[in-house]
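These notes are about the structure you will find just below.
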Amino acid sequence: MTISTTWCDLHQNRLEWAYEAKRDFLADFKTTQFKRIFEEANTDKMIALFGKSQVGKTTLILSLIGLKEEHVEAVSTALRGGRKRGSSSTSTAMKYSFSEDEDYHIRYEDTAVMLSSEEALMETLAHIRDQVEKGIGIDLVEVLLPSNYRDPKVDAIDLSIIDLPGIESSSEEEHRHVNRIINQILPKASLILMVERADQLSRCENFFDRIDSDFLKDWMLNPQLFRLVLTHAVSPASTEKKIYAEQQVTPEWFIDLYKKELHHSISNWPGEVKLYPVDMGDSWEKTESDIKGKTESLIRNVLTDLIHDLNNTEHKFNSLIIGSRMFQMMNKTIKHKTNMFNQELASLKKRADMLTDYIQDQEYAIKKLEEEIAVLDKQRKVLKMLLRKYEANQNLLHYQEVTDTGERKPSAIYTKVLGLNADNSYFELIQKQYDGLIKHVQEDLKDTGTTLNLPPFPSVRIQEELVTTLSFLQRKVIDYFFQRNWKKAINKVNIGLKKVTEGLNCELSQSISEEIEANTQRLHQKRTSLKNYVSSLNDELLSIQKKVKDVQLKRLVLVIEKEAFMKRSKDDLELSQQFLNYITAAFDKEYSLYIGYINSDEKSQTDKFYYLMNLQKLTQDYKKLVMVNDNTL
């Protein structure tokens, strides 16, 4: 074994003992949720960018990898794949780096293409996007930029960086693809850059809401894995005013400015997440020259600090640090999960109570409607009886026949009897009979709670007929008087009175019958309407009763789930405090192996030297993990 190989093997695998301890540690967990979160953490030096479309992710990446400023515009346009500004350009995960020659290279799946121009790059990326939109699964596209585009004078990251597509996809198919890709790559990143516009800070609270992942649901419990980059940080008018007002702006002042705004917008924002406000691209070009002059070096310093942070982060320690913080994270997760259970239980109980109250209201409403229907049935019965009664009896009103008064003058008949003067004897007689009849009808209806709205009587038509008839009789009486036929004159008057009375009776009977029939129909319609409403209420009642049972069953299931989760979590919570024990046991084992190699007669002095040097590093790594545990437990 050569010296370089021995040293490389020892150095590259120096943390394998710690990862073996972590694997043993996680193997004893009962809660899949906790195991999945910490198993997914990767040791590769890979950074993922995540954020909505049009927040400046691609421009940020080009700055981080050190692309020469004069090529940024052309490369950015080509990377859009022909898409207009304002629309999503990244269709799948894009990994950026530089090639070894002066050409573009694209690699995806089993395809590798070399391209000599930005136009060719644009066409190729447009073709890839078409394939993704058609459902052809392309998970990762690697874009290598020409080596001569890299600026050797500027700081740049020396690790892999992946630009993830925005989750707000235009089609359901694309949305599923994007969600799958993000869910696949983000948990495996050693660092995640969350990118958001500075004027949209409130959106950071729900950064990963649309992604279905246990790892990302509780992302705030792993703050050391995340960085927040705010683009367009100089552009907002409110920020420009503060910059103008500040005599000297520094990176510390600028970062603190946005930290305050962030904590003001989001009360539970984890303070451990490092914040980097920057401005570049179109928004920077549109910035006033005075503002640029005050902030140009500031923005450059913040970007440089971000690059140094990314390069110097000990990526291999990240997943181990997560393990050391597992107790606190599990405590927070269990508390959060318990609160969610309690909130859902309270919500279900509230809904069940509300539905129960509604059922009682519906039952009362049905009872009142059925009582109203019973009253209507009684009214209809009485009305039908009255209708038969008044239809059978046409002679409701009666007249008094004219007799020979002995006074042989026409006035004796048509004045005193027919009522053609002020005493109106005939009209009074009929009116009294009508009033009495109406009173009798209303008495019949009193128990039913129903009244008849009969028209004024006699009607205008009957009155006109009556006047015409009486005028005719007046002439006849005079005619018969001069003919000396007094008996015939009286007979003619009685015939006329009978005719008029029959007309009055006919109209009155018809009026009463029509009104009773109308009332009967109205009651029938109302009863039918009430019956239908009762039926709909009963259907609704059955539906609500089913919902109540469903809610009660769901609540019961939730209670069982909560108890089971708490039982599992209790054991895992106790186990989570033992991470240091696993680490210490693994370290002791590894330390003994190193001592054995160093004291072995079979090892060369050179190998023993390398083992001794790595033993120091082993001890340093162990102390670092112990220190992290001491600070967290």
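The values are calculated or read from the model by the stated rules, or taken from the named source; none is laboratory data. Keep in mind the model is a prediction, meaning the values are calculated, not measured. Every residue, glycine as well, gets a Cβ built from its backbone with ideal geometry; the counts of neighbours run over all protein chains shown. Only protein heavy atoms, including side chains, enter the accessible area calculation; ligands, DNA and RNA are left aside. Shrake-Rupley method; radii C 1.70, N 1.55, O 1.52, S 1.80 Å.
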If we keep only residues of region 598-614 that are crowded, with 18+ Cβ neighbours inside 10 Å and more than 56 Å from the chain's Cα centre (by Cα), then the residue nearest to Glu16 (Cα to Cα) is Tyr611
So Leu523, is it in contact with a Phe, Trp or Tyr (Cβ under 7 Å, 6 or more places away or on another chain), surrounded by 14 or more Cβ atoms within 10 Å (Cβ to Cβ), assigned to a helix (DSSP H, G or I) and modelled with pLDDT under 80
no
Quick check on Tyr244: is it open to solvent by 80 Å² or more (accessible area, probe 1.4 Å), in a helix (DSSP H, G or I) and not basic (Lys, Arg)?
yes
Among the numbered criteria (1) out of contact with any Ser or Thr (no Cβ under 8 Å at 6 or more places or on another chain); (2) within 30 Å of Lys335 (Cβ to Cβ); (3) open to solvent by 40 Å² or more (accessible area, probe 1.4 Å); (4) touching a residue at least 12 places away in the same chain (Cβ under 8 Å), which one does Lys294 miss?
(2)
Residue count, region 155-171 (criterion: within 31 Å of the chain's Cα centre (by Cα) and at pLDDT below 85)
8
Looking at region 90-155, what strands (runs of 3 or more DSSP E) fall wholly within it and have at least 3 residues that are open to solvent by 10 Å² or more (accessible area, probe 1.4 Å), of a type outside the set (S, T, N, Q) and free of Cβ contacts under 8 Å to residues at least 24 places away in the same chain?
111-115
Would you mind telling me which numbered condition in (1) over 30 Å from Asp377 (Cα atoms); (2) open to solvent by less than 40 Å² (accessible area, probe 1.4 Å) Leu537 fails?
(1)
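Is it true that Lys608 is basic (Lys, Arg), within 30 Å of Asn342 (Cα to Cα) and free of Cβ contacts under 8 Å to residues at least 12 places away in the same chain? Steps first, answer last, please.
Details: basic (Lys, Arg): yes; within 30 Å of Asn342 (Cα to Cα): no; free of Cβ contacts under 8 Å to residues at least 12 places away in the same chain: yes.
So Lys608 fails the test.
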What number of residues within region 465-509 are among the acidic types (Asp, Glu) and at pLDDT below 70?
2
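To keep it simple, each residue is scored yes or no on (1) open to solvent by less than 20 Å² (accessible area, probe 1.4 Å); (2) on the phi < 0 side of the Ramachandran plot; (3) in contact with a Pro (Cβ under 9 Å, 6 or more places away or on another chain); (4) at pLDDT 75 or above.
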residue: Lys260; (1), (2), (3), (4): no, yes, no, yes
residue: Ser265; (1), (2), (3), (4): no, yes, no, yes
residue: Leu298; (1), (2), (3), (4): yes, yes, yes, yes
residue: Ile307; (1), (2), (3), (4): yes, yes, no, yes
residue: Gly323; (1), (2), (3), (4): yes, yes, no, no
residue: Met326; (1), (2), (3), (4): yes, yes, no, no
residue: Asn331; (1), (2), (3), (4): no, yes, no, no
residue: His336; (1), (2), (3), (4): no, yes, no, no
residue: Glu344; (1), (2), (3), (4): no, yes, no, yes
Output for Cβ contacts, cut-off 8 Å, separation at least six or different chains, first residue more than 10 Å from Leu225 (Cβ to Cβ) and modelled with pLDDT under 85 in region 181-195, second buried (at least 21 other Cβ atoms within 10 Å of the Cβ) and among the β-branched types (Val, Ile, Thr), reads Ile181/Thr92; Ile185/Ile162
Please tell me if Asp539 is farther than 20 Å from Glu363 by Cα and acidic (Asp, Glu).
no
Considering only residues of region 247-281 that are touching a residue at least 40 places away in the same chain (Cβ under 8 Å) and assigned to a helix (DSSP H, G or I), which is nearest to the chain's Cα centre (by Cα)?
Ser265
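Would you call Lys57 open to solvent by 10 Å² or more (accessible area, probe 1.4 Å), at pLDDT 85 or above, within 30 Å of the chain's Cα centre (by Cα) and closer than 24 Å to Thr304 by Cα? Break it down stepwise before answering.
Working: open to solvent by 10 Å² or more (accessible area, probe 1.4 Å): yes; at pLDDT 85 or above: yes; within 30 Å of the chain's Cα centre (by Cα): yes; closer than 24 Å to Thr304 by Cα: yes.
Judged against the criteria, Lys57 is a match.
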Restricting attention to region 196-215, does a residue exist that is open to solvent by less than 30 Å² (accessible area, probe 1.4 Å), modelled with pLDDT of 85 or more and either hydrophobic (A, V, I, L, M, F, W, C) or more than 20 Å from Gly166 (Cα to Cα) (or both)?
yes
By residue number, the members of region 346-387 that are surrounded by 14 or more Cβ atoms within 10 Å (Cβ to Cβ) and of a type in the set (Ser, Thr, Tyr) are Thr356, Tyr358
